[in-house]
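Asks: Here it is, the structure, as structure tokens.
The values are calculated or read from the model by the stated rules, or taken from the named source; none is laboratory data. Because the structure is predicted, anything quoted here is derived from the model rather than measured. FYI the Cβ positions are ideal-geometry reconstructions off the backbone, even for glycines, and counts take in every protein chain you see. These accessible areas exclude ligands, DNA and RNA; they are computed on the full protein's heavy atoms, side chains included. Shrake-Rupley method; radii C 1.70, N 1.55, O 1.52, S 1.80 Å.
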Amino acid sequence: MVANAARRSAPKSRGRASGAHRKDPSIGFVSLGCPKALVDSERILTQLRAEGYATSATYEAADLVIVNTCGFIDAAKAESLEAIGEALEKNGKVIVTGCLGAQADAVQAAHPKVLAVTGPHDTAAVMAAVHAQLRKPHDPFVDLVPPQGIKLTPRHLAYLKISEGCNHRCTFCIIPSMRGDLVSRPIGEVLAEAETLLRAGVRELLVIAQDTSAYGVDVKYRTGFWRGRPLKTRMLELCDALGRLAQDAGAWVRLHYVYPYPSVDAVVPLMAEGGILPYLDVPFQHASPRILKRMKRPASAENVLARIQRWRSLCPEITLRSTFIVGFPGETEGDFEALLEFLEAAQLDRVGSFAYSPVDGAAANAYPDAVPEAVAAARRERLMQVQARISAARLARKVGRVERVLVDAPGVGRSMADAPEIDGVVHFEGGQVGEFVDVRIERSDEHDLYGRLT
């Protein structure tokens, strides 16, 4: 079985299955967590296929199961431990990897029968654990693997991870302790992967990292090479090159997890020119200066509002999405009201919100004045009500316009303003998966657009 928690189906089980019955050793795979973990899963599956291992559609037919876990918040840990338990019950031979794997003692305490536990983005360790349990198939052929590798996303979109780790020390987050400090991939390597994906038919590249805008900071923006041409390892140069590749292929490039740094200002004109989608996913997290300081987050609400205004002046069609945490330890009603005022002033297009949840190992756990769960939940509901009104008004502006849409399923697609799985969709009749169509928008609601093909 090959499965992704974001697309989970019944068990045979957790999601999309692939593979066929064959004599070679067969591996089941469960992938949990964020897009960055999904890319790790794809790399492991690619290596498995390169070495000749098959993938199993069921627990029962697999010789062993790999579970790529998430350990960011308690709910994610619980889901990961449950998935490990299910795999042990239905198969009995389980290798654990991913972010929760960085807490090997906790995994082994809960499930002492697991065969091995490895940390995140460690394909070599996973393969070593597989080799210890299953023979390597004889005479593996590289042509068992498609050029773009094994993907868990639909054929027409793919995540492009440009770095690992993070240099920030946000007090609510334990990512650096699990994934380490920032390590940027060589720019030539990133662009070569992008080119391969586009040649394979990918129509949307989703650029991800823990902090996309920090790309190259760790190597001091050293010069790399692409097609014999020198290129700095920096966000601007990477986006420019990706935009050119995408334009040549008739594809989209979308940026995720961007911090509100001044350097981002230089990328926005590329969006206005059509090289990169006019879309920024910027996790502001809060607006109260006091709470931002407690979170150890960059910028202030005033600076962010000025930056948003600048981005919109450079690219009026830009879509801005963000996420916010409410109920952070010490958050007062005044702090929360400051956040609501920020939303009204910023007029963001898309917003996600989470009630604060303590994470083992996070510095914020030591803060006094914890906000009661009921209060945090009520604040989240109030925030989303405010944002629903703002989002509905911004979507209503698109009624009567013709939007370019990438078809994800017959009758359902996404405009340039919609990232997969986290934003809204465009409804219409017709269309083939993976093609671009033009849709005249006839109505809207708080999340989605509705129209007809032109």
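Asks: Could you work out the local net charge near A106, counting Lys and Arg as +1, Asp and Glu as -1, over the other residues with Cβ closer than 9 Å to its Cβ?
Replies: -1
Asks: With a 1.4 Å probe and all protein chains kept in place, how much accessible area does H447 have, in Å² rounded to the nearest 10?
Replies: Here the residue's solvent-accessible area equals roughly 110 Å².
Asks: Which residue, chosen from I73, V433, P372, occupies the Cα position most advanced towards the positive end of the dipole of the chain, where the dipole is computed from +1 (Lys, Arg) and -1 (Asp, Glu) charges on Cβ about the Cα centre?
Replies: Going by the Cα projections, it comes out as V433.
Asks: A further question follows. If I compute Rg/Rh (Cα atoms, Kirkwood Rh) from the structure I just sent, which labelled value in [x] 0.93; [y] 1.08; [z] 0.96 lines up?
Replies: [z]
Asks: Right, next: Quickly work out the V183-to-R244 label distance, labels modelled 7 Å from Cα along the C-beta direction, and quote it in nm with one decimal.
Replies: 2.9 nm
Asks: Could you give the dipole magnitude of the chain about its Cα centre, charging the beta-carbon of Lys and Arg +1 and that of Asp and Glu -1, in debye to the nearest 20?
Replies: The calculation lands at about 680 debye.
Asks: Pull up all non-local amide H partners of F328: gap of 5 or more, or a different chain, and H-to-H distance under 5 Å with H placed in the peptide plane.
Replies: Here the answer is Y356, since their amide H atoms fall under 5 Å of that of F328.
Asks: In terms of Cα to Cα distance under 16 Å, which aspartates and glutamates are near enough to K93, apart from those fewer than 8 places away along the same chain?
Replies: E60, D63, E82
Asks: Taking the Cα centre of the stretch 214-287 as origin, sum charge times position over the Cβ atoms of Lys and Arg (+1) and Asp and Glu (-1), and report the length of that vector in debye to the nearest 20.
Replies: That gives the stretch 214-287 a dipole magnitude of about 320 debye.
Asks: Give me the percent of accessible area attributable to carbon and sulfur for the chain, probe 1.4 angstrom.
Replies: That fraction is 53 percent.
Asks: Once the other residues with Cβ under 14 Å from the Cβ of K296 are scored (Lys, Arg +1; Asp, Glu -1), what is the net sum?
Replies: Net charge in that neighbourhood comes out at +4.
Asks: Just add up the charged neighbours of L339: K/R +1, D/E -1, any other residue whose Cβ is under 12 Å from the Cβ of L339.
Replies: Here the charged neighbours net out to -2.
Asks: If I model a spin label as a point 7 Å beyond the Cα along the Cα-Cβ vector, how far apart are those points for H131 and A192 in nm?
Replies: Taking the simple label geometry, H131 and A192 are separated by 2.2 nm.
Asks: Normalised by the number of residues in the chain, what is the relative contact order in percent for Cα pairs under 8 Å and 6+ residues apart?
Replies: 9 percent
Asks: Right, something else. Where both partners of a DSSP beta bridge lie in the stretch 102-245, what percent of those bridges are antiparallel, to the nearest 5?
Replies: Among the beta bridges of the stretch 102-245, antiparallel pairing accounts for roughly 55 percent.
Asks: At a Förster distance of 35 Å, what's the computed FRET efficiency of R155 paired with K113, Cβ-Cβ distance as r, to 0.05?
Replies: 0.45
Asks: To continue, here is another question. Could you pull the accessible area for E195 with a 1.4 Å probe, rounded to 10 Å²?
Replies: Roll a 1.4 Å probe over it and E195 shows about 40 Å².
Asks: Solvent-accessible area per residue for the chain at a 1.4 Å probe radius, Å²?
Replies: Accessible area per residue, the chain: 42 Å².
Asks: Structure shown: which of K77/K220; K77/K161; K36/K136; K232/K398; K113/K136 lie over 32 Å apart, alpha-carbon to alpha-carbon?
Replies: K77/K220; K232/K398
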